[in-house]
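Below is one structure, written out as structure tokens, with a few remarks after it.
The values are calculated or read from the model by the stated rules, or taken from the named source; none is laboratory data. These numbers were taken from a predicted model, which means no experiment stands behind them. Neighbour counts run over all protein chains shown; Cβ positions are idealised from the backbone, glycine included.
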Amino acid sequence: MKLDTFGRSYLTLTLEIEKHIEGYIDAYTGPDDLKAAVAATPKREPAALLDDLAWLQAHIPDDDAARAAYLTAVLRALECTLHLLRGDEVPYLDEVQRIFDISPTLVDESQFTAAHHELDTLLPGAGSIAERLEVRRQRYLLPPEKVLPLLELAREEARRRTLALFDLPNDNGVEITLTNGQPWSAYNWFKGNGRSHIEFNTDIPISALSLIGTFAHEGYPGHHSEHLLKEQKFVHELGYGEMAAALLHSPAAVIAEGIATTAAEIIFPEGSHHQWTLAVLLPAAGIVTEETAVHMQRLAQASEQLRYVGGNAAILYHTGQLNREQAIDYLVTYALSSPERAAKSFSFFTHPLFRSYIFTYTQGYDLIAQAAAAVDGDKWPVFRRMLTEQIRPLQL
């Protein structure tokens, strides 16, 4: 790609921050020689990097209003990251707002207890709701030898449905492998030139019920589709240097996770992925069930109300209202997690890379829903816009 002075300076700064925070750059598709040149120099102190940032803030290109608004928010995120690296004290919720352009608040716990009541009526058998959920979860866990073939099945179905909605560059593809020892359940590593490598973490047993949704999230029409469309438009065609480094700590992450958490709904409208799972995936997995698609959907909708529990626990922990044991107990109580899964969730929102990232999922999903509701309720136009434009959360 051909870089101007701003683009080269921007990428240099993000590569310098990567030296301090390994994993800060989620995907780099800029010039290899620039990356090698930065890697060959000694690590620079945050105070010096703040001077570089000030130059960027004073030289934001103004020929594209959408780009200028996007860069203003992204550079504000970089500024907060550099202040944190310098050791400056930034209150937790201020950190989230400055980095991600969102302002999460505690969700009323009555939402969780209402979901518990709904789950109680939907789950047969004896024992607590959490115990009955676990019995059901175990019923749909995939044998290790079936995981990769079924992921490949999901990849082809998700790709087919995505291509029916919009064109993707012909030369694109997704490689799938298994891994372990990670704080996440699955991760897309975008390699550039329309190629992704998606890893699925076997530390967290994979459920047949979540498989197509997880793949849609990471692949088509989720992270992979966003990466390749924005790479083609902004990197290859327009030469916008800032789009050649996808940052974890950026407002763009909220847009990315909004796309990913909505992805399954776009290609499987009105919960139709449950029918596909029943008709195609479960038979391929050798799993027999008496549940109907309607019952699965009702359970999924009730469970989705609990996705805000992790954000509550993160706020309460990082603002000093709960200690580690209390935060894990909060997850067990309200998310109906096992102690082991709750501890895994705790490790995610206390990980240096993800301590404030946790809100990108719920806030990103809600932003799409709210933007669609303000028009006619159709998420597809908002979703498509987010796939192909430089946009910040506050604009939604």
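Quick notes
- Elements of type helices (runs of 4 or more DSSP H) contained in the stretch 97-177, each with 3 or more residues being more than 28 Å from Gln363 (Cα to Cα): 129-139, 144-163
- Restricted to the stretch 223-340, the set of helices (runs of 4 or more DSSP H) holding at least 2 residues that are touching a strand residue (DSSP E or B) at 6+ places or on another chain (Cβ under 6 Å) and buried (at least 24 other Cβ atoms within 10 Å of the Cβ) comprises 223-230.
- Within the stretch 116-135, the set of residues being touching a residue at least 60 places away in the same chain (Cβ under 8 Å) and over 15 Å from Tyr330 (Cβ atoms) comprises Glu118, Leu119, Leu122, Leu123, Ile129, Leu133, Glu134.
- In the set (1) in contact with a strand residue (DSSP E or B) (Cβ under 8 Å, 6 or more places away or on another chain); (2) aromatic (Phe, Trp, Tyr); (3) not in a strand (DSSP E or B), Trp189 fails one condition alone, (3).
- Residue match in the stretch 134-152 (condition: out of contact with any strand residue (DSSP E or B) (no Cβ under 8 Å at 6 or more places or on another chain), assigned by TED's automatic domain parsing to the domain that holds Pro269 and within 20 Å of Gln305 (Cβ to Cβ)): yes
- Sole exception among (1) at pLDDT 95 or above; (2) out of contact with any strand residue (DSSP E or B) (no Cβ under 6 Å at 6 or more places or on another chain); (3) among the charged types (D, E, K, R); (4) under 28 Å from Ser345 (Cβ atoms) for Glu199, by number: (2)
- Ile60 meets all of the listed conditions (1) exposed (fewer than 14 other Cβ atoms within 10 Å of the Cβ); (2) modelled with pLDDT of 95 or more; (3) not in a helix (DSSP H, G or I) but one, namely (1).
- Hey, Ala343 of a type in the set (A, V, I, L, M, F, W, C), buried (at least 18 other Cβ atoms within 10 Å of the Cβ) and not assigned by TED's automatic domain parsing to the domain that holds Asp63 or not: no
- Within the stretch 1-37, the set of residues being of a type in the set (A, V, I, L, M), surrounded by 17 or more Cβ atoms within 10 Å (Cβ to Cβ) and more than 18 Å from Lys233 (Cβ to Cβ) comprises Leu13, Leu15, Ile17, Ile25, Leu34.
- Of everything in the stretch 63-97 that is surrounded by 21 or more Cβ atoms within 10 Å (Cβ to Cβ) and not hydrophobic (A, V, I, L, M, F, W, C), the residue that is nearest to Ala256 (Cα to Cα) is Tyr70.
- Each residue in the stretch 348-396 was checked for being closer than 20 Å to Tyr24 by Cα and without any contact (Cβ under 8 Å) to a residue 12 or more places away in the chain, and 0 of them qualify.
- Condition met for Asn201 (touching a helix residue (DSSP H, G or I) at 6+ places or on another chain (Cβ under 8 Å) and on the phi < 0 side of the Ramachandran plot): no
- Test: residue in the stretch 5-15 that is among the charged types (D, E, K, R), in contact (Cβ under 8 Å) with a residue 24 or more places away in the chain and within 23 Å of Gln363 (Cβ to Cβ): no
- Scanning the stretch 359-372 turns up no residue that is assigned by TED's automatic domain parsing to the domain that holds Leu238, surrounded by fewer than 18 Cβ atoms within 10 Å (Cβ to Cβ) and in a loop (DSSP other than H, G, I, E, B).
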